[in-house]
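Novice: Dumping the structure here so I can ask a few things about it.
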Amino acid sequence: MALIVQKYGGSSVGTIDRIRNVGRRLMETQSAGNQVVAVVSAMSGVTDKLIGMARQVMDNPPEREMDMLVSTGEQQSVALLCMAIADMGGKAVSFTGGQAGICTYGSHTRGRIESISPQRIIDALRSGYIVVCAGFQGMTPDGEIHTLGRGGSDLSAIALAAAVKADLCQIYTDVDGVYTCDPRVVKDARKITVLSYEEMLEMASSGSKVMQARSVELAKKFGVIFEVRNSMNNNPGTIVQEENPAMESLAVRGVSIERNQARVTVSSITAPVAYTAIILTALADAEINIDMIVANTAHDGKARQSFTMNMNELGAAQAALKKVLPQLGPEARLDTEAGLAKLSVVGVGMRSNSGVAATVFRALADAGIHTGMIATSEIRISTTVEASDIEKAARVVHAAFHLEKEA
Ligand code: ADP
Ligand code: ASP
Ligand code: MG
């Protein structure tokens, strides 16, 4: 008998029929002799709708109340799923994050998992129940509800799989696995059979939101091997696990795109030497995440610093930087540019294959696409392009590495 954790995302439970489909799959898994823990997202669109309603009430809703509100999306779907299972003659019990023993700390709307006490889950499994846990949420020791950031049900699933020492962790979604690029953008993208944690992490954090990046970090930390699969069929999916030498044969495994990027530039900086620290501290204090960072000093001795960030945070970044601008010299100025997107190529084979960057920028240049800021890690190369060019950029770079062909 195996203990299996299965996570179902929003589109997999997006309608009552789909909820029944998930119920049926869980019952089949149990009937095959397994213990099953399901981790379920809100029905697709529900979280966005709740956030939209809050914003209609006020501009900046208190984060505690946001957590109270959006955590209800998952509570609806877990209860409906257990009802569907009961209707089909099965035995299931739903738990909120708190009831499942997920203990969190940190700030509202971006809680972090401190620990998991899965005794209640284990007792229910022993009594023959299919256990259905609300994803995306946990509770502080003093009973406050936290949500875990967008896409956070992936994190709940990985954390629960680690806590109950699951034999198998399956992430069910609306595509067959992790593809060489978002199949909605590149039609001939291929499903990747096996991917390393590092590659999945770099892809997720550069825009391939099929998995939440934090969940991949946690999987790596606890050695949770997981498989991304389709909830509408039984095709084999993508296994994500520790790197092995075979993965290095290809320089590039996948292409990610991230829309909604903006660039901020502080220029004519004349003082002081520690300007980067002043700028980054101001942004960190405002809890703003930035991405690519470039600094340089022109021949007139004035420095400039640019960075990219999500467009949603641009207003907050401007406000935070305006406060410290006077400390950077009398002429220091702030410029912003919206309407950018980021293209990244990822692969552990990049460490041992040269010429990857040249191929990326040659393909983009041949397609007449202008590139802006560039950033690299050991296994990733990213560049900004105009938002209107991003899909074409993804297609030409995908083709340049022949990713449509079988590996
Ligand atoms: P869920 O609701 O199951 O959590 P998500 O919408 O979060 O599903 O993730 C699945 C979607 O991720 C797919 O429909 C696909 O469009 C998108 N996606 C982006 N990049 C990739 C990729 N490299 N491989 C597969 N899907 C991707
Ligand atoms: N419902 C949450 C979201 O839309 C969590 C999740 O789906 O993973 O972000
Ligand atoms: Mg998701």
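Novice: Step through the table entries LYS165/LYS220; LYS302/LYS342; LYS209/LYS322; LYS322/LYS342; LYS49/LYS342; LYS7/LYS220, compare each Cα-Cα distance with 22 Å, and write down the pairs that go over it.
Specialist: Going by Cα-Cα distance, LYS302/LYS342; LYS209/LYS322; LYS322/LYS342; LYS49/LYS342 fall outside the 22 Å limit.
Novice: Which value in Å is the Kirkwood Rh of the stretch 284-357 over different Cα pairs?
Specialist: For the stretch 284-357, the Kirkwood estimate is 15.1 Å.
Novice: Still on this model: Using a 1.4 Å probe on the protein heavy atoms, what percent of the accessible area of the stretch 1-148 belongs to carbon and sulfur?
Specialist: 51 percent
Novice: Additional query: Pick out, in residue order, every one of the trypsin sites (Lys or Arg not before Pro) in the stretch 107-172 that is DSSP loop and has at most 13 other C-beta atoms within 10 Å; say none if there are none.
Specialist: Listed in order of number, the matching sites are LYS165.
Novice: With everything on Cα atoms, drop me the angle between helix 46-57 and the longest principal axis of the chain, reported from 0 to 90° to the nearest 10.
Specialist: Tilt relative to the chain: about 60 degrees.
Novice: Next question. Using only Cα atoms, what Kirkwood radius does the chain have, in angstroms? Show your work: numbers first, answer last.
Specialist: Details: mean 1/r = 0.0439 Å⁻¹.
Answer for the chain: a Kirkwood hydrodynamic radius of 22.8 Å.
Novice: Still on this structure: Helix 356-366: angle to the longest alpha-carbon principal axis of the chain, degrees 0 to 90, nearest 10?
Specialist: In the chain, helix 356-366 runs at an angle near 70 degrees to the longest axis.
Novice: Hey, another quick one. Not counting the cut sites, what is the longest span of the chain without GluC sites (Glu not before Pro) that DSSP labels loop and that have at most 12 other Cβ atoms within 10 Å?
Specialist: 1-241
Novice: While we're here: Express the relative contact order of the chain as a whole percentage, based on alpha carbon pairs under 8 Å and six or more residues apart in sequence.
Specialist: Details: 898 pairs, mean separation 56.2, N = 407.
Dividing the mean separation by the residue count of the chain yields 14 percent.
Novice: Run the simple label-point estimate for SER107 and ASN310 please: 7 Å along Cα→C-beta, distance reported in nm.
Specialist: 1.2 nm
Novice: So, one more: Taking the Cα centre as origin and putting +1 on Lys and Arg beta-carbons and -1 on Asp and Glu beta-carbons, what dipole magnitude results for the stretch 210-310, to the nearest 20 debye?
Specialist: With only Lys, Arg, Asp and Glu charged at Cβ, the dipole is about 200 debye.
Novice: Per residue, how much accessible area does the chain show when a 1.4 Å probe rolls over the protein heavy atoms, in square angstrom?
Specialist: Computed with neighbouring chains in place, this is 45 Å² per residue.
Novice: Would you compute, from DSSP H runs of 4+ residues alone, the mean residue ellipticity of the chain at 222 nm, taking -39500 (n - 2.57) per run and dividing by the full residue count, rounded to the nearest 500?
Specialist: Estimated from H runs of four or more residues: -10500 deg cm²/dmol.
Novice: With the cut-off at 1.5 for a/c, could you classify the stretch 106-195 from its C-alpha gyration tensor as rounded, prolate or oblate?
Specialist: Here the stretch 106-195 falls in the oblate category.
Novice: Between VAL57 and ASP300, what is the FRET efficiency for a Förster distance of 56 Å, r being their Cβ-Cβ separation, to the nearest 0.05? Mind showing how you got there, number by number?
Specialist: Details: r = 50 Å, r/R0 = 0.90.
Efficiency at R0 = 56 Å is approximately 0.65.
Novice: Do me a favour and compute the ellipsoid semi-axes for the stretch 50-121 from its Cα gyration tensor, root of five times each eigenvalue, largest one first, whole Å.
Specialist: After diagonalising the Cα gyration tensor, the semi-axes are 27, 19, 5 Å.
Novice: Then there is this: Summarise the accessible area of the stretch 294-407 (1.4 Å probe, protein heavy atoms) by the percent that is carbon and sulfur.
Specialist: About 50 percent, which is the carbon plus sulfur part of the accessible surface.
Novice: Another question, if that's okay. In the stretch 224-312, what trypsin sites (Lys or Arg not before Pro) fall in a loop by DSSP, with at most 13 other Cβ atoms inside 10 Å?
Specialist: When the trypsin sites (Lys or Arg not before Pro) of the stretch 224-312 are filtered for loop state and at most 13 Cβ neighbours within 10 Å, nothing remains.
The values are calculated or read from the model by the stated rules, or taken from the named source; none is laboratory data. Model, not experiment: these values are computed from the prediction. When we count neighbours, we look across all protein chains shown, and the Cβ atoms used for this are built from the backbone with ideal geometry, even at glycine. Calculation scope for accessible area: heavy atoms of the full protein, side chains included, ligands and nucleic acids excluded. Shrake-Rupley method; radii C 1.70, N 1.55, O 1.52, S 1.80 Å.
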